[in-house]
Amino acid sequence: MKDKKLYYSLYLKAHNNAVDLLSEAEMLLKAHHYARSYFLAFTALEELSKSQAAADVYTGLLDTDNFLKIYTFHDKKMDRIQWATLDANEYPNNIHPETGKIFHVTKPKLKKRENSLYTSINLQAVKTPKESISRSDVEEMIHTVNIAMHQIMLMTEYYGHQIGTKGFMK
């Protein structure tokens, strides 16, 4: 029973951390710090994935061995939450709430996350994080995180499904 409480605690704390990361990403977006904003929003999405995986352990949908295989790898956490990108592209979720612009969200890529923090080089050029990440990139990522949070809340609070992915992952 102690393990279950531990995973429930991780579910809550990772979700709350994702909320904080998103809030900070939104502040940095308003201040035109796109690269760091993108990094925080991407990390918020990862934290939501971790939170949902922890909830799945708590509810018995996922065993601890598989959780540990997911928890320690960025790409596996992102694979588990790719549904958020799909949902962010569906009507009416794909409409920007302030501008009315239609989002065409692309799958988050770890390389882009790296580019939001580190200067990179290829055979043609050197690129800084400021040159690698645009306002549009950040808006898409923040939109995706907001949709993920909304869907999680909708399934658990509104529809009354159990925590974790069982309520909306078929």
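Just so you know, all these numbers are worked out from the coordinates, no wet-lab data involved. Here the structure is a predicted model, which means the values were calculated and not measured. Glycine gets a Cβ as well: all are built from the backbone with ideal geometry, and neighbour counts include every protein chain shown.
Exposure proxy for 49, 134: other Cβ atoms within 10 Å of each Cβ, ordered fewest to most, give 134, 49.
Annotation: extensible slack from residue 3 through residue 94 equals 28.9 nm (criterion: 0.36 nm per residue apart, minus Cα-Cα distance). The charge dipole of the chain, taken about the Cα centre with unit charges on the Cβ atoms of Lys, Arg (+1) and Asp, Glu (-1), comes to about 320 debye, rounded to the nearest 20.
Put in line by how crowded their Cβ is, counting other Cβ atoms within 10 Å and starting with the fewest, 118, 34 read 118, 34. Using C-alpha pairs below 8 Å separated by at least 6 residues, the relative contact order for the chain is 28 percent. Lysine pairs in region 1-81 whose alpha-carbon atoms fall under 25 angstrom of each other, counting only those eight or more residues apart or on distinct chains, come to 22.
Start at zero, step by 10 Å, and the Cα-Cα distances of region 22-166 spread as 12, 37, 34, 15, 3, 0 percent across the bins.
Note on the chain: with a GNM built from Cα contacts shorter than 10 Å, the maximum mean-square fluctuation among 78, 149, 27 falls on 27. With neighbour counts taken as other beta-carbon atoms within 10 Å, the residues 157, 140, 131 rank, fewest first, as 157, 131, 140.
Net length available on complete extension from residue 131 to residue 24 is 36.4 nm, with 0.36 nm assigned per residue and the Cα-Cα distance removed.
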